[in-house]
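In what follows, a single structure is set out as structure tokens and then discussed.
The values are calculated or read from the model by the stated rules, or taken from the named source; none is laboratory data. A quick note: this is a predicted structure, and the numbers were derived from the prediction, not measured. We place every Cβ from the backbone using ideal geometry, glycine too, and count neighbours over all the protein chains shown.
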Amino acid sequence: MENYNLRPPFPNVVRKGGFTLIVYAHRKLTYWEANYCMEKYLAENHLKRVPKSGKGELWAEFGFDEL
């Protein structure tokens, strides 16, 4: 069996205020997808609002297996 690397290679930078979220996806994200990723990051980390500063990472499957 072949060893496939399915990790998203393309980093997308999403900024809100002083906070930077790096979203790894298989393609460049649209504005709406980037906002969705920010909301997903907040939900996964049990946050109510975007931190004033700092950095976070999120792995997304956008662009995987699209024609």
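Details
- Options VAL50, VAL13: the member that is surrounded by fewer than 17 Cβ atoms within 10 Å (Cβ to Cβ) and not polar (S, T, N, Q): VAL13
- For the range 18-47, residues that are of a type in the set (Gly, Ala, Ser), at pLDDT 95 or above and surrounded by 14 or more Cβ atoms within 10 Å (Cβ to Cβ) total 0.
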